[in-house]
Amino acid sequence: VVVQARGHWWDLTQAAAQDPEDGGAIRCDLDGWLRAGRLQAAVLDALLDRADRAGRLAALRCEGPPKAVALPVRPGKIICIGRNYAAHAQETGHTPPKEPIFFAKAPSACIADGEPVLVQAEWGQIDHEAELAVVIGRRARDVAAAAAQDYIAGYTLLNDVTAREMQQTDIERGHPWFRSKSLDTFCPMGPVLVLPDEMPWPVEVDISLTVNGAVRQESNTRQFLFTIPEVLAYVTRFLTLEPGDVIATGTPEGIGPVRPGDTMEVRIPEIGVLRTPVAAR
Ligand code: MG
């Protein structure tokens, strides 16, 4: 576990292992820290403060994030919100929904920053969908919108890659569209988890997606039809969210096709860039 804070990157696994007051999960990965409720600015700050007082801080500095590709979290489930921007609902021929629409994406589809989305010609058109992802930090059921922030571990970027023709065919047949959203590699996620104290609240941030450097999607999450608290309150009326679960908050207008050889980049300045090449499977 490494964290960017105070202008540098720090090795928190080492910090915890050396800390006499920290009885925590020394060998845990980021997922383990999240599930143990330790991914909080106050906990991480206290670790660094105690290392500083003990003269151990300088040794904890690292050059940057780990070189190995890694997911910020391994979700138990991924809940996607459909048509959460009015302009995107309109571009797909729908009227903006009166209440949130949600569906699932298989966690086995997740890939890390830099890994390729793999496509097959017979799947037809493959579309990008830039989304802000909310990572759940506490077990959540019947959450009041006013308390929603207490259940959020942090934020990351997600590309809700979709086999559009497969989705349309399945909808026309009256079938679920799960497979078109859940093909292996169709859920790039990352590159980092940003804690809530480093994001504005309400979360109103610029979001964009480029293909080979050309802007395809550009919006701001203040355009959400349903805010993050409203979505959390709505979803948890029906099912329990667990630590590590991910809510993909919907995509703005400008979705479009990608082909092998293309490179997609999802960008939210407060989080970073999620870079995903497309290749033939
Ligand atoms: Mg989507």
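Helical content of the chain, expressed as a calculated mean residue ellipticity at 222 nm, amounts to -5000 deg cm²/dmol (DSSP H runs of 4 or more residues, -39,500 (n - 2.57) each, divided by residue number, nearest 500).
Of the beta bridges in segment 4-135, as assigned by DSSP with both residues counted there, near 100 percent are antiparallel.
So which trypsin sites (Lys or Arg not before Pro) in segment 28-92 end up in coil per DSSP with only 11 or fewer other C-beta atoms within 10 Å?
Taking segment 28-92 and a limit of 11 other Cβ atoms within 10 Å, the loop trypsin sites (Lys or Arg not before Pro) found are 67.
Summarise the accessible area of the chain (1.4 Å probe, protein heavy atoms) by the percent that is carbon and sulfur. The value for the chain is 50 percent carbon and sulfur by accessible area. Of the chymotrypsin sites (Phe, Trp or Tyr not before Pro) found in segment 138-247, those that fall in a DSSP loop while having at most 10 other beta-carbon atoms within 10 Å are 238.
Every Cα-Cα pair in segment 52-150 was counted, and those over 22 Å apart are 57% of them. The residues of segment 152-281 have, on average, 40 Å² of accessible surface per residue, using a 1.4 Å probe with all protein chains present. Shape analysis of the chain based on the Cα gyration tensor places the equivalent ellipsoid semi-axes at 34, 21, 16 Å, largest first. Within segment 129-278, the ratio Rg/Rh, alpha carbon atoms throughout and Rh by Kirkwood, equals 0.97. Here segment 216-263 and segment 49-105 have alpha carbon centers that stand 10 Å from each other.
Report the normalised scattering of segment 208-281 as log10 I(q)/I(0) at q = 0.22, 0.28 Å⁻¹, calculated by the Debye formula with identical scatterers on the alpha carbons. Ignoring solvent entirely, the Cα scatterers give -1.04, -1.28.
Starting from the Kirkwood Rh over alpha-carbon pairs, what translational D in µm² s⁻¹ does segment 91-141 have by Stokes-Einstein at 25 °C and 0.890 mPa s? Here the translational diffusion coefficient equals 161 µm²/s.
Loop-only GluC sites (Glu not before Pro) in segment 12-120, please: DSSP not H, G, I, E or B, and at most 11 other Cβ atoms within 10 Å. Please list the in-between numbers first.
Numbers: sites: 21, 63, 91; in loops: 21, 63.
Hits after loop and neighbour filter: 21, 63.
Using +1 at the Cβ of each Lys and Arg and -1 at the Cβ of each Asp and Glu in the chain, identify which of 101, 111, 32 lies farthest towards the dipole's positive end. Checked the options; the winner is 32.
The values are calculated or read from the model by the stated rules, or taken from the named source; none is laboratory data. The structure presented is a predicted model; accordingly, all values stated were derived computationally and were not measured. Positions of Cβ are backbone-derived with ideal geometry, glycine not excepted, and every protein chain shown enters the neighbour counts. The accessibility values were calculated without ligands, DNA or RNA, using every heavy atom of the protein model including side chains. Shrake-Rupley method; radii C 1.70, N 1.55, O 1.52, S 1.80 Å.
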